[in-house]
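The numbers here are math on the coordinates, done by the rules we state, and not lab data. All of these numbers come straight from a predicted model, not from anything done at the bench. Here the Cβ is made from the backbone with ideal geometry for all residues, glycine too, and neighbour counts use every protein chain on show.
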Amino acid sequence: MAENFEKHSDISAADLARLNQEAQAEATPSTAKIIWNEFKADKPAMAALFIIVGFIAFVMIGALFINTPKMMETNIMDYFDKPFTTDFWLGADSGGRSVAKQLIVGSRNSIGIAIGLTVISSTVGICWGLISGYFGGYIDWGMQRVYDFTMMLPMLMMIIVLVTIIPHYNAVSLTLIFSLFYWEGTSRLIRSRTLAETQKDYVAASKTSGTSNWKIIFQGIMPNISSLIIIDTTLSFAENIGVETGLSYLGFGLPTQTPSLGTMIANANDPTNITLYWWTWLPAALEIIVLCLSISYIGQVLRRAADASQRQGAAD
Amino acid sequence: MSLIEIKDLKVHYPIRSGFWNRITDSVKAVDGITFNIEAGETYGLVGESGSGKSTTGKSVVGLEKVTSGSILYNGKDITKRDNRRKLDYNRDVQMIFQDSLSSLNPRKRIEDIIAEPLRNFEHLSKDDEKLRVLQLLNIVGLDADALYKYPHQFSGGQRQRIGVARAVATNPKLIIADEPVSALDLSVQAQVLNFMKKIQREFGISYLFISHDLGVVRHMCNNIAIMNRGRLVEIGTREDIYNHPLHIYTKRLLAAIPETNVNQRVAHRASRLAVEKIYEEQQDKYYDENGMAYPLVQVSPTHSVALPETIAKQLASQEGEVQA
């Protein structure tokens with residue numbers, strides 16, 4: 001059978017290396033290259049990328065050098081110390097605890113939860129949507145009824161109840177509790193696109209080429225909805241920072257001895273803090289604004305990279 | 001023995017309605033068709049849009065769930081998924097799609113697209129696989145630098161040739177060509193069709209050529225089946241169909257072929273109108289009381305038509321055919 005091809009084509013094994021080299025020269029740039037070009041063309045997004053990467057790296061590493069239980073000890077002598085001193089860069093709160101150190105550890109906790117939550121909920125949501133949309137029929141019906149059921153549950157109330165009844169919860173268990181509820185939006189979004197994508201001929205062509213269903217789903221269809229996945233994931237990351245922060249602000253997030261961005265913003269509950277002791281809450285609030293803005297800038301670049309007609313970066 | 005034997009194939013889609021969403025009726029996309037495809041021939045399947053020809057093609061390649069009937073390949077009924085898997089059926093039966101853009105995964109490079117059936121059925125080494133892809137590209141007249149490009153970087157004709165290369169990759173015995181050129185402009189149509197003919201000569205492949213373009217079918221096919229409302233109305237060789245059409249539907253299709261000879265415009269128009277008049281007046285003669293085609297009746301060794309036996313005989317003698 002191989003002879004059959006040899007006979008009717010004037011290409012033989014000897015030409016392989018040369019032709020391969022020719023083809024490499026003509027190859028289209030890889031996705032990573034396209035994304036990088038797109039960042040280079042958009043200076044604010046480039047700045048946003050450095051802010052995000054630099055900041056996350058800084059708090060992750062910085063938090064390792066801070067002894068959290070010691071930091072969280074109350075020290076009445078430092079009650080609301082002013083910022084910009086050698087002991088307290090960003091001042092101290094009502095317990096005499098350093099705001100700067102709390103900010104580092106709190107950011108680590110909040111961002112860690114947001115990353116964990118995004119990874120878990122997006123993975124589950126994407127798989128759920130892809131499988132449900134691809135197979136259709138009874139599988140789709142069953143999976144969508146599960147979706148409807150979890151959608152019907154009052155999310156915030158369930159989380160608050162779960163947090164209250166679990167005796168010793170920490171960042172990990174909190175992430176898992178959030179993950180129970182936050183996969184839904186993603187799954188419905190992905191499913192709707194998968195339904196449309198499954199009808200296209202290239203899926204039929206993969207089937208007649210003998211490719212298995214799982215390979216078609218994850219190597220055929222998923223790359224084609226990757227722009228949607230990337231945008232949804234970056235935006236839900238920004239949203240997920242808000243989820244933990246909001247709940248901690250209400251007092252149902254992390255335990256009080258664990259600093260987080262939410263507990264720090266909760267300092268603004270007190271009118272005197274807002275007017276007199278601004279350093280207790282303003283840094284955390286600014287940080288959230290900067291993080292979320294940066295993420296959405298990055299998301300825009302990724303969206304443009306995924307859609308050739310919107311690209312601003314150099315072609316090569 | 002024929003390469004593929006299709007026996008009384010039916011594909012019905014349920015219509016659900018009412019409060020309980022029960023099946024109240026069905027759309028009979030394909031309603032009991034029977035024909036055989038011989039090795040090395042091009043079998044034409046012709047009909048208007050919605051006549052069920054694409055559904056038939058998809059059933060033969062295993063993409064459509066069959067309601068009843070059987071498709072025999074090597075003596076096995078390949079409408080069952082298990083049999084298809086046991087035979088490595090799609091290694092021998094491949095498909096060329098109508099829309100060349102949507103049938104190539106936009107996120108895959110040409111190498112990966114053409115190598116997909118090879119990876120699943122042949123398990124070649126990396127170098128052998130690349131070599132085979134390069135040979136296939138060469139056979140369909142594309143350069144090696146296509147290897148690492150994406151489908152959107154090619155023109156419609158080039159893409160359809162990539163589709164042909166993918167279908168030929170495992171050296172199949174039958175290729176279902178579902179309107180392979182109807183989305184292409186005329187000069188490119190000829191190019192793709194000639195590549196398909198060349199490949200057929202070199203590799204001894206059979207085609208099931210699905211089309212509504214009778215000009216193209218005449219160029220490509222030895223045997224032709226005419227489909228109407230899910231049933232076959234006429235089967236015959238190219239000569240039978242083009243020179244001695246018996247069923248009114250076939251005559252209408254033939255009358256619809258555009259003529260470029262302007263001198264005879266009036267005469268062509270008159271003959272088209274005559275055919276249309278017969279169709280309007282004699283519908284009940286050609287179709288049964290439900291408006292469906294009759295079962296096929298043989299009028300010569302190669303020619304069958306879906307008419308009651310007496311009418312078929314009468315029409316056949318009018319056309320001056322040799323009686324079977």
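Can you give me the distance in nm between label points at residue A:164 and residue B:13, each placed 7 Å from the Cα along the Cα-to-Cβ direction?
Each label point is offset 7 Å from its Cα along the Cβ direction, giving 5.2 nm.
Averaged across B:162-168, how many Cβ atoms of other chains sit within 10 Å of each residue's Cβ atom? Display every interim value, and only then the final one.
Working: counts 0, 2, 0, 0, 3, 3, 1.
Across B:162-168, the average partner-chain Cβ count within 10 Å equals 1.
Segment B:244-324: D in µm²/s via Stokes-Einstein (Kirkwood Rh, Cα pairs, 37 °C, 0.692 mPa s)? Present the calculation step by step, with values, prior to reporting the outcome.
Values: Rh = 13.8 Å.
Result for D is 238 µm²/s.
Pairs A:40/B:130; A:7/B:65; B:10/B:173: which are spaced more than 32 Å apart, C-alpha to C-alpha? Let's see the in-between values first.
On the way: A:40/B:130 35 Å; A:7/B:65 38 Å; B:10/B:173 24 Å.
In this structure, A:40/B:130; A:7/B:65 lie more than 32 Å apart at Cα.
Mind checking which aspartates and glutamates have their C-alpha under 13 Å from residue B:86, skipping anything on the same chain fewer than 8 residues away?
Here the aspartates and glutamates satisfying the reach criterion relative to residue B:86 are B:77.
Given a cut-off of under 8 Å on Cα pairs at least six residues apart, what relative contact order in percent is computed for chain A?
Relative contact order of chain A: 25 percent.
With both bridge residues required to lie in chain B, what share of the DSSP beta bridges run antiparallel, to the nearest 5%? Could the numbers behind the result be given before it?
Numbers: 30 of 49 bridges.
The answer is about 60 percent antiparallel.
Could you list, in their original order, any pairs among A:200/B:58; A:200/B:126; A:200/B:108; B:126/B:198 whose Cα atoms are separated by more than 22 Å?
From A:200/B:58; A:200/B:126; A:200/B:108; B:126/B:198, over 22 Å: A:200/B:126; B:126/B:198.
Principal axis lengths of chain A from Cα atoms, whole Å, largest first?
Between the extreme Cα coordinates on each principal axis of chain A lie 91, 47, 32 Å.
So how tilted is helix B:110-121 from the main axis of chain B? Cα-based, degrees 0 to 90, rounded to 10.
80
Hey, could you get me the Stokes-Einstein D for chain B, Kirkwood radius over alpha-carbon pairs, 20 °C and 1.002 mPa s, rounded to whole µm² s⁻¹?
The calculation lands on 101 µm²/s.
Measuring from label point to label point, each 7 Å out along Cα→Cβ, what is the residue A:199 to residue A:296 span in nm?
With each label placed 7 Å out from Cα toward Cβ, I get 3.3 nm.
Rounding to the nearest 10 and keeping the result within 0 to 90°, find how far the Cα-based axis of helix A:282-306 lies from the longest principal axis of chain A.
Between the helix axis and the principal axis of chain A, the angle is about 10 degrees.
Kindly state, to the nearest 0.05, the FRET efficiency for residue B:48 paired with residue A:152, given R0 = 45 Å and r defined as their beta-carbon distance. Numbers along the way, then the final one.
Numbers: r = 48 Å, r/R0 = 1.07.
Here the calculated transfer efficiency is 0.40.
Specify the residue with the greatest mean-square fluctuation among B:166, B:84, B:201, computed from a Gaussian network of chain B linking alpha-carbon atoms under 10 Å apart.
B:201
Which value, in Å to one decimal place, does the Kirkwood hydrodynamic radius take for the protein assembly as shown when every pair of different Cα atoms is included?
29.7
Sum up the charges of everything whose Cβ sits under 9 Å from the Cβ of residue B:11, counting Lys and Arg as +1 and Asp and Glu as -1, but leave residue B:11 out. Working shown, then result.
Values: positive: B:10, B:28, B:58, B:65; negative: B:31, B:64.
Net charge around residue B:11: +2.
When we measure straight from the Cα of residue B:313, which lysines land under 23 angstrom away, once same-chain ones fewer than 8 places off are left out?
Within the straight-line cut-off, residue B:313 pairs with B:251, B:277, B:285.
For segment B:244-324, what is the relative contact order in percent, using Cα pairs closer than 8 Å and at least 6 residues apart in sequence?
Working: 72 pairs, mean separation 22.4, N = 81.
So the answer I get is 28 percent.
What does the average come to when, for each residue of peptide A:207-216, you count the partner chain Cβ atoms lying within 10 Å of its Cβ?
Mean partner shielding for this stretch: 6.
With each label point set 7 Å from Cα along the Cα-Cβ vector, what nm distance links residue B:310 and residue A:18?
7.5
Just add up the charged neighbours of residue A:93: K/R +1, D/E -1, any other residue whose Cβ is under 10 Å from the Cβ of residue A:93.
Local net charge: -1.
Can you give me the angle between helix A:16-26 and the longest principal axis of chain A, using Cα atoms only, in degrees from 0 to 90, rounded to the nearest 10?
50
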